[in-house]
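One structure is given below, encoded as structure tokens.
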Amino acid sequence: VAMYNTTLVHKLQVVQNKLLRVLTKKDPQYSTNALHRELNLFKHSDNRDMFIMHFVFNCIKGKPIENFKNYLKFRETIHNHDTRGISQLIRPQIRTETGRSTVKFSGATLWNNLPAQIRNINSFPAFKRALQSHYRQKYRI
């Protein structure tokens with residue numbers, strides 16, 4: 001669906017980090033995780049990941065746009081015997097870095113890496129709160 005240029009996003013994050021340090025009058029070597037935690041902000045890559053997870057949630061448990069009703073599928077849809085990863089989303093086979101940056105691939109990867117207690121939430125507002133809390137854990141020192 002959408003592409004994500006990690007090089008450009010990294011450059012954007014570096015500029016954002018510098019700007020936040022200047023605005024808060026912090027030392028240039030001040031930890032970006034501490035800075036984001038203090039300001040209650042997410043890094044750009046985390047915002048992107050959460051946005052993708054919202055899309056995945058809506059495709060799986062919400063009311064997706066008609067074109068995305070069967071966009072993501074669970075492994076249980078390809079066979080009916082019990083396996084370890086049966087509750088995980090199928091990641092498409094990719095051959096290029098461009099394929100890795102698609103929402104279908106990254107969304108399945110992000111969803112599969114979420115803790116089960118977050119994946120099992122059925123309410124979107126509750127899912128959103130749990131997801132934000134999960135990502136805030138990354139900024140703890």
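The values are calculated or read from the model by the stated rules, or taken from the named source; none is laboratory data. As the structure is a computational prediction, the values presented were derived from the model and not from experiment. Note that we place each Cβ from the backbone using ideal geometry, even for glycine, and neighbour counts take in every protein chain shown. The accessibility values were calculated without ligands, DNA or RNA, using every heavy atom of the protein model including side chains. Shrake-Rupley method; radii C 1.70, N 1.55, O 1.52, S 1.80 Å.
The trypsin sites (Lys or Arg not before Pro) found in the range 89-141 that occupy coil by DSSP, while having at most 11 further C-beta atoms within 10 Å, are Arg95, Arg140. With all protein chains in place and a 1.4 Å probe, the accessible surface of the range 1-51 carries 61 percent carbon and sulfur. Rounded, prolate or oblate for the range 7-49? Axes are the square roots of the Cα gyration tensor eigenvalues, ordered a ≥ b ≥ c, and the cut-off for rounded is a/c under 1.5. Taking the square roots of the gyration eigenvalues as a ≥ b ≥ c, the range 7-49 is oblate. Annotation note: trypsin sites (Lys or Arg not before Pro) in the range 3-51 located in DSSP loop regions with a Cβ neighbour count of at most 13 within 10 Å are Lys25. In this calculation the C-beta distance from Val15 to Phe51 is compared with R0 = 22 Å, giving a FRET efficiency of 0.65.
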